[in-house]
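Visitor: Take this structure first; my questions come after.
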Amino acid sequence: MAAPMTLLLIVAVTIRAVLYRSGVADLVSERVEVVSPLTAWKRVVEGLALLDLGVSPYSGDVFHETPLIIYLFHFLVDYAEITFMLADVITAVALYMAVKDYNKQVFRKQKYALEADRYPLDCLELIRSPGEMYYIPLKVAMCYLLNPFTVLSCVAKSTCGLNNAVIALFILSTVKGNMLLSAIFLSLATYQSIYPLTLSAAALLYLIFWWFVAQYAFMYLGSLLVLVGLSFFLLGFWDYLPSVYGFILSVPDLTPNIGLFWDFFAEMFEHFRLFFLCVFQINVFFYTLPLSIKLKEHPVFLIFMQLAVISIFKSYPTVGDISLYLAFLPVWSHLHRFLRNIFLVSCVLLACSALFPVLWHLWIYAGSANSNFYYAITLLFNVAQILLVSDYFYAFLRREHHLSYGLYLKRKDGSEATLVLK
């Protein structure tokens, strides 16, 4: 597997290097689907310019990244392209290793269940074979590295790629069972954008350390305090807290993007704003508890679900956020027989991806459309994501039900039964 993975990395890096040297990079860096006010490279460059002049990069309303990011590129600004390509490589390798270990654990549990005769005889066709699972880690890495969303995000030098790398390392540490590294990378991901805090439930479920919640919380909060303290040490003031985290939560910049916030709050009366802001923001965190209860025995699938929820409901999403959870789809390839709307949803996602630049041009340049056109396609894109995730959730639960009660369900009178998910 090392040779195909190496070839994949070479191809992915070559594609990015070629695009960096073309005119595509400047074009993509302006696309609102690819960069946001939080992750745009131009804002990082402006923040660096202010820092070099001895002015706080947070004194205006331009730079909203974390202090560690600006100091990272203070030293690596001349190697920015290599840094972003390296971040994608790290993400792909981390996902590859995490999925490889996860598949070994799944196969081991499946083997023990078969030996204990826990599966009904009529559902043996649902059992996953080693040959079927062998190429899944490579497919995951391929889905991430060669996904157009990932490529565009890297070419635009969106800092979303760095966030994805940190989350991928968190997933790898969790799957490996390393509680310390898991807490450190989770704190770094939370430090970057707040929302990955919801992944802590999946980490605790996977590590099976509910009785060590206090220990994990101590390591997580300790790492987070170190990062916050280091930021203060580098800057010498706390201005970055409202400029970064206040900006994420209060959503003052209503620049169009692929999220749900911008047009809704552009039309919102000011005295209703706080209420609806709380309603919108709580969406990301609201689903954590019910999903954790329902998927308590399947924390990796819970991570997939939470990543999807974050990418849909966060305040400033980009296509780079979507590419991370889409990379996990090959892991659930055994669910395809239970998916109901996969063809329709795939077509809608592809159509929306193609229509984003078209409707933007009609609105901004041609003047023959307005913001409602662009927001409509944004809503459709997010509805399609919700349907995709819901379909996989249904398929996952249905397969687990069949593994417990049999594939061909019968009523008490012997007639065929229909499974209804409530």
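The values are calculated or read from the model by the stated rules, or taken from the named source; none is laboratory data. Predicted, not measured: the structure shown is a model, and the values here were computed from it. Cβ coordinates were reconstructed from backbone atoms using ideal geometry, including for glycine residues, and neighbour counts include every protein chain displayed. All accessible areas refer to the heavy atoms of the entire protein, side chains included, with ligands and DNA or RNA removed. Shrake-Rupley method; radii C 1.70, N 1.55, O 1.52, S 1.80 Å.
Visitor: State which residue pairs qualify: first residue over 23 Å from VAL28 (Cβ atoms) and inside the stretch 341-354, second residue open to solvent by 60 Å² or more (accessible area, probe 1.4 Å) in any location, beta carbons under 6 Å apart, and separation of 6 or more residues or different chains.
Guide: ASN341/LEU387; VAL345/LEU387
Visitor: Still on this structure, please answer the following. Which residues, taken from the stretch 266-293, are loosely packed, with under 13 Cβ neighbours inside 10 Å and assigned to a helix (DSSP H, G or I)?
Guide: Hits for the stretch 266-293 are ALA266, GLU270, HIS271, PHE272, LEU274, PHE275, CYS278, VAL279, ILE282, LEU289, PRO290, ILE293.
Visitor: Check SER158, SER193 and return the single one that is of a type outside the set (Lys, Arg), open to solvent by 10 Å² or more (accessible area, probe 1.4 Å) and within 30 Å of SER353 (Cβ to Cβ).
Guide: Answer to the check: SER193.
Visitor: Cβ contacts < 9 Å: first residue in contact (Cβ under 8 Å) with a residue 40 or more places away in the chain, restricted to the stretch 195-208; second residue crowded, with 20+ Cβ neighbours inside 10 Å and not in a helix (DSSP H, G or I), any location; separation 6+ or different chain. Result?
Guide: Short answer, once both residue conditions are applied: TYR195/LYS314; TYR195/SER315; ALA202/LEU295; LEU205/LEU295.
Visitor: Also, quick follow-up: Checking VAL18 against (1) open to solvent by 50 Å² or more (accessible area, probe 1.4 Å); (2) in contact (Cβ under 8 Å) with a residue 12 or more places away in the chain: exactly one of these is not met. Which one?
Guide: (2)
Visitor: Pick from VAL99, VAL106: which is at pLDDT 90 or above, among the β-branched types (Val, Ile, Thr), part of a helix (DSSP H, G or I) and out of contact with any Ser or Thr (no Cβ under 9 Å at 6 or more places or on another chain)?
Guide: Answer to the check: VAL99.
Visitor: OK, next. So how many residues does the stretch 227-251 have that are at pLDDT 90 or above, surrounded by 12 or more Cβ atoms within 10 Å (Cβ to Cβ) and out of contact with any Ser or Thr (no Cβ under 8 Å at 6 or more places or on another chain)?
Guide: Qualifying residue count, the stretch 227-251: 10.
Visitor: Identify all residues within the stretch 111-169 that are in contact with a Phe, Trp or Tyr (Cβ under 6 Å, 6 or more places away or on another chain) and not in a helix (DSSP H, G or I); write none if there are none.
Guide: Scanning the stretch 111-169 gives a single hit, LYS157.
Visitor: Go through (1) closer than 30 Å to SER193 by Cα; (2) at pLDDT below 90; (3) of a type outside the set (S, T, N, Q) and name the single condition LEU124 misses.
Guide: (1)
Visitor: Here is a further query. In the stretch 36-62, which residues are within 29 Å of VAL358 (Cα to Cα) and open to solvent by less than 20 Å² (accessible area, probe 1.4 Å)?
Guide: Across the stretch 36-62, the qualifying residues are SER36, PRO37, THR39, ALA40, VAL44.
Visitor: Answer yes or no: is there a residue in the stretch 299-312 that is at pLDDT 90 or above and open to solvent by 30 Å² or more (accessible area, probe 1.4 Å).
Guide: Checked against the condition, which is being at pLDDT 90 or above and open to solvent by 30 Å² or more (accessible area, probe 1.4 Å), the stretch 299-312 yields no hits at all.
Visitor: Go through (1) among the polar types (S, T, N, Q); (2) out of contact with any Pro (no Cβ under 8 Å at 6 or more places or on another chain); (3) part of a helix (DSSP H, G or I) for SER59 and report which single condition fails.
Guide: Checking SER59 against (1) among the polar types (S, T, N, Q); (2) out of contact with any Pro (no Cβ under 8 Å at 6 or more places or on another chain); (3) part of a helix (DSSP H, G or I), the one that fails is (3).
Visitor: In the stretch 28-48, what residues are under 21 Å from ILE82 (Cβ atoms) and without any contact (Cβ under 8 Å) to a residue 40 or more places away in the chain?
Guide: LYS42, ARG43, VAL45, GLY47, LEU48 - these are the residues of the stretch 28-48 that are under 21 Å from ILE82 (Cβ atoms) and without any contact (Cβ under 8 Å) to a residue 40 or more places away in the chain.
Visitor: A further question follows. Looking only at the stretch 315-333, decide whether some residue is open to solvent by 30 Å² or more (accessible area, probe 1.4 Å) and in a loop (DSSP other than H, G, I, E, B). Please lay out each step first, then the result.
Guide: Taking the stretch 315-333 as the starting set, the residues that turn out to be open to solvent by 30 Å² or more (accessible area, probe 1.4 Å) are 326, 329, 333.
Still in the list and also in a loop (DSSP other than H, G, I, E, B): none.
There is no residue in the stretch 315-333 that is open to solvent by 30 Å² or more (accessible area, probe 1.4 Å) and in a loop (DSSP other than H, G, I, E, B).
Visitor: Sort through ILE82, ILE69, ILE90 and tell me the only one that's closer than 27 Å to PHE304 by Cβ, open to solvent by 50 Å² or more (accessible area, probe 1.4 Å), part of a helix (DSSP H, G or I) and among the β-branched types (Val, Ile, Thr). Walk me through it before giving the result.
Guide: On the way: ILE82 fails: closer than 27 Å to PHE304 by Cβ; ILE69 fails: open to solvent by 50 Å² or more (accessible area, probe 1.4 Å).
Testing whether each residue is closer than 27 Å to PHE304 by Cβ, open to solvent by 50 Å² or more (accessible area, probe 1.4 Å), part of a helix (DSSP H, G or I) and among the β-branched types (Val, Ile, Thr) leaves just ILE90.
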